[in-house]
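Okay, structure first, notes after.
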């Protein structure tokens, strides 16, 4: 097979009824988990949970953008992916800043709440990853969806590790360390998405540029 689902003449661009259905399901999962995890993160005083909740919200919004530009011109899809990459960078920077602030003024989060919500969020993200697995290779727009879902699953495992660390040490440092690692993951994924989006943007410009006639031909 080609890069994805039989698309042999270039990266999969999302034009598939099955892909749209799967993306709608993933959007619903992410929106619901944002509400659950943000409330739990605030109640437990966990920066890692709140960082993961923010990731859920960002994913729900950017997946909606992905749906909106499916089938559009390559330059429009590249611009949407670029916007998502930059928003992911902003998210990583925010989480990193909040982590530094919590390291100075925060307390010890509730490990039991962190662990329980982390398990629920992991189940939600594993479901999302499985839904999108067959579409993980595609253009920058499609790939950004896959990277965000993958990040969520990794983040949830990290939250549960942080919960064990908080419980074992009676300290908030494991929570802050995991939040910092998640911020780094956001920034790394942002760089990948932006790099591919810029390459596709340039390619779309070259493809649409008018060809000049050969001076020797008239």
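Tabulated data for the structure shown
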read-out	value
Single match in 108, 95, 117 (criterion: under 16 Å from residue 34 (Cβ atoms) and modelled with pLDDT under 80)	95
Set 113, 126: member being surrounded by fewer than 18 Cβ atoms within 10 Å (Cβ to Cβ) and under 20 Å from the mean Cα position of the chain (by Cα)	126
Subset tally (residues that are buried (at least 22 other Cβ atoms within 10 Å of the Cβ) and free of Cβ contacts under 8 Å to residues at least 60 places away in the same chain) for region 167-196	1
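Quick grid of which residues meet (1) closer than 21 Å to residue 30 by Cβ; (2) free of Cβ contacts under 8 Å to residues at least 60 places away in the same chain; (3) in a helix (DSSP H, G or I):
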site: 57; (1), (2), (3): yes, yes, yes
site: 65; (1), (2), (3): yes, yes, yes
site: 80; (1), (2), (3): yes, no, yes
site: 85; (1), (2), (3): yes, no, yes
site: 90; (1), (2), (3): yes, yes, yes
site: 95; (1), (2), (3): yes, no, yes
site: 101; (1), (2), (3): no, yes, yes
site: 113; (1), (2), (3): yes, no, yes
site: 120; (1), (2), (3): yes, no, yes
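The values are calculated or read from the model by the stated rules, or taken from the named source; none is laboratory data. Note that the structure is predicted; figures quoted are calculated from it, not measured. Please note: Cβ atoms are built from the backbone with ideal geometry, for glycine as well, and neighbour counts cover all protein chains shown.
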